[in-house]
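J.: Please see the structure below; I have some questions.
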Amino acid sequence: MFFFDPTYLCFMAPAFLLMLLTSWYVKSAYNKWSRVRVRSGLTGAQAAQRLITSGGYSNNAWGVQTGGGLAGVQIQRIGGNLTDNYDPRTKILNLSQGVADVPSVAAVAVAAHELGHAMQDADDYFPMRFRSALVPMVNIGSWLGWILIIVGLLLQYAQLAWIGVLVFSGGALFALATLPVELNASARAKRLLAETGIVSGQDEINGVNNVLNAAALTYVAGLATALLQLLYFVSLVGGLGGRRRS
């Protein structure tokens, strides 16, 4: 069975290593700046509430400043560590306790990043809408693609296996679409934190950059993993076509 194909490890070993390194880097950066108290004294929840109250702002594709429309965003505490997220369906900003209730550089950085997603939602940010539109396809493709590839390989039916590869490729497309959404949310967070005075001084700015840049690397690693896995299946199904011709 191809599940135990050593070639799979050749493709995926670099991705596994990259994921381990980025996970270590994120935890290291977060832990370091979680111990540094932000001079404004605001917790992550307080920083987010200040930005919501002020309305926030963002720049559209033409560089024109537009209202953030954040008045309807609610803050909610959730369990876990680094489980923070923004839910566009309910307009709720979910913050973990370590972010919501701690006045640290890392906490305000994470809270502002998630609020950046709320601003994208309010601005009808196209990359975010495009990524959301991919979710149903990815949910189906994540299991249907595997099935089609396996059946195609077992039956030596290359056309069916290639359809499986095409369906499975939705995961890589989603990972690619995620990058600009996350990078833009971080860019908004960095700008807002500095301009509102929630962070001050080059050391705090550097801390925010460190935390958010480390987090961005996880999405790069995710994209690399998805692409390498897709390339493995492409090589596998391509080999099937070659065997049939021989």
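The values are calculated or read from the model by the stated rules, or taken from the named source; none is laboratory data. Because the structure is a prediction, the values reported are computed rather than measured. Reconstructed Cβ throughout: ideal geometry from the backbone, glycine too, with neighbour counts over all protein chains shown.
J.: Could you please let me know if LEU193 is surrounded by fewer than 21 Cβ atoms within 10 Å (Cβ to Cβ), in a helix (DSSP H, G or I) and not small (Gly, Ala, Ser)?
T.: In short, no.
J.: Looking at region 211-228, which of the residues that are polar (S, T, N, Q) and surrounded by fewer than 18 Cβ atoms within 10 Å (Cβ to Cβ) is farthest from VAL108 (Cα to Cα)?
T.: THR218
J.: Pick from region 47-63 the residues that are assigned to a loop (DSSP other than H, G, I, E, B) and either crowded, with 18+ Cβ neighbours inside 10 Å or not small (Gly, Ala, Ser) (or both): which of them is modelled with the lowest pLDDT?
T.: The qualifying residue modelled with the lowest pLDDT is TRP62.
J.: Does VAL220 qualify as being within 18 Å of GLY171 (Cα to Cα), of a type in the set (A, V, I, L, M, F, W, C), in contact (Cβ under 8 Å) with a residue 12 or more places away in the chain and in a helix (DSSP H, G or I)?
T.: yes
Residue-by-condition table, conditions (1) crowded, with 21+ Cβ neighbours inside 10 Å; (2) in contact with a Leu (Cβ under 7 Å, 6 or more places away or on another chain); (3) under 21 Å from THR178 (Cβ atoms); (4) of a type in the set (Ser, Thr, Tyr):
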{"site": "VAL108", "(1), (2), (3), (4)": "yes, yes, no, no"}
{"site": "GLY116", "(1), (2), (3), (4)": "yes, no, yes, no"}
{"site": "ASP124", "(1), (2), (3), (4)": "no, no, yes, no"}
{"site": "SER132", "(1), (2), (3), (4)": "no, no, yes, yes"}
{"site": "LEU153", "(1), (2), (3), (4)": "no, yes, no, no"}
{"site": "TYR157", "(1), (2), (3), (4)": "no, no, no, yes"}
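J.: List every residue pair whose Cβ atoms sit under 8 Å apart, with the two residues 6 or more apart in sequence or on different chains, where the first one lies in region 4-25 and is under 13 Å from TYR232 (Cβ atoms) and the second, anywhere, is exposed (fewer than 12 other Cβ atoms within 10 Å of the Cβ) and at pLDDT below 90.
T.: That search, which allows pairs on different chains as well, returns nothing.
J.: Here's something else I'd like to know. Please state which one of VAL234, VAL208, VAL199 is among the β-branched types (Val, Ile, Thr), in a helix (DSSP H, G or I) and buried (at least 21 other Cβ atoms within 10 Å of the Cβ). Can you show your working first?
T.: Values: VAL234 fails: buried (at least 21 other Cβ atoms within 10 Å of the Cβ); VAL199 fails: in a helix (DSSP H, G or I).
Matching residue, one of VAL234, VAL208, VAL199: VAL208.
J.: Answer with yes or no whether THR66 is more than 20 Å from the chain's Cα centre (by Cα), assigned to a strand (DSSP E or B) and either hydrophobic (A, V, I, L, M, F, W, C) or at pLDDT below 95 (or both).
T.: Numbers: more than 20 Å from the chain's Cα centre (by Cα): yes; assigned to a strand (DSSP E or B): yes; either hydrophobic (A, V, I, L, M, F, W, C) or at pLDDT below 95 (or both): yes.
Yes.
J.: Could you grab me the full set of residues in region 73-96 that are on the phi < 0 side of the Ramachandran plot and in contact (Cβ under 8 Å) with a residue 24 or more places away in the chain?
T.: Within region 73-96, VAL73, ILE75, ARG77, ASP84, ASN85, TYR86, PRO88, LEU93, LEU95 qualify.
J.: Follow-up question, since we're still on this one. Could you list, in sequence order, all residues of region 92-139 that are more than 21 Å from ALA175 (Cα to Cα), outside any helix (DSSP H, G or I) and modelled with pLDDT under 95?
T.: ASP123, the sole residue that qualifies.
J.: Can you pull out every residue in region 159-176 that is surrounded by fewer than 20 Cβ atoms within 10 Å (Cβ to Cβ) and within 30 Å of ALA106 (Cβ to Cβ)?
T.: Of everything in region 159-176, just one residue is surrounded by fewer than 20 Cβ atoms within 10 Å (Cβ to Cβ) and within 30 Å of ALA106 (Cβ to Cβ), namely LEU176.
J.: So which residues in region 83-98 are touching a Ser or Thr at 6+ places or on another chain (Cβ under 8 Å) and farther than 20 Å from ASN184 by Cβ?
T.: THR83, SER96, GLY98
J.: Identify, please: which residue in region 17-46 is charged (D, E, K, R) and part of a helix (DSSP H, G or I) and is, among those, nearest to the chain's Cα centre (by Cα)?
T.: Among residues in region 17-46 that are charged (D, E, K, R) and part of a helix (DSSP H, G or I), the one nearest to the chain's Cα centre (by Cα) is LYS27.
J.: Right, here's the next one. Select from region 1-33 the residues that are among the hydroxyl-bearing types (Ser, Thr, Tyr) and crowded, with 18+ Cβ neighbours inside 10 Å and list them in ascending order.
T.: The answer is THR22, TYR30.
J.: Another one. Evaluate the following for THR90: is it surrounded by fewer than 20 Cβ atoms within 10 Å (Cβ to Cβ), in contact with a helix residue (DSSP H, G or I) (Cβ under 6 Å, 6 or more places away or on another chain), of a type in the set (Val, Ile, Thr) and within 29 Å of LEU42 (Cβ to Cβ)?
T.: no
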